[in-house]
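Okay, structure first, notes after.
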Amino acid sequence: MDTTIGSIIEMIVFAILALVSIVFSLFVVTARDVVRAAIALVVTMFVVAALYILLNAQFLGVVQVLVYIGAIGVLILFAVMLTKKEFGTDAE
């Protein structure tokens with residue numbers, strides 16, 4: 001097998017991106033705060049876009065950034081910010 005330093009670096013970057021994607025995806029599901037879950041979802045979508053670019057699918061990476069991070073991520077964050085929440089009251 002012919003393994004060059006470029007392919008080894010590419011595999012290391014892929015492994016790091018995959019690990020980051022798994023960690024933030026689990027945080028989206030387990031987070032109790034909705035704002036933190038939305039931010040983790042945006043980070044997960046950005047990592048998926050980086051994985052697309054790493055796999056030589058640049059168009060899909062750009063579409064992922066524009067559509068999902070740009071539109072849906074901002075929509076989720078605005079929906080969370082516009083929800084009415086009372087502060088200073090304990091619901092026990």
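No lab work stands behind these numbers, since they all come straight from the coordinates. None of these values were measured; they are calculated from a predicted model. Ideal geometry is used to build each Cβ from the backbone, glycine not excepted, and the neighbour counts take in all protein chains shown.
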For this session: Using only Cα atoms, tell me the angle between helix 5-30 and the longest principal axis of the chain; keep it within 0 to 90° and round to the nearest 10.
Result: 20 degrees
For this session: Calculate, axis by axis, the spread of Cα positions in segment 16-81 along the three principal axes, and write the results as whole Å, longest axis first.
Result: 35, 24, 10
For this session: Before rounding to the nearest 500, sum -39500 (n - 2.57) across all DSSP H runs of length at least 4 in the chain and divide by the residue total; then give [θ] at 222 nm in deg cm²/dmol.
Result: -22000 deg cm²/dmol
Problem set entry | Förster radius 25 Å - calculated FRET efficiency between residue 66 and residue 35, Cβ distance, rounded to 0.05 | 0.65
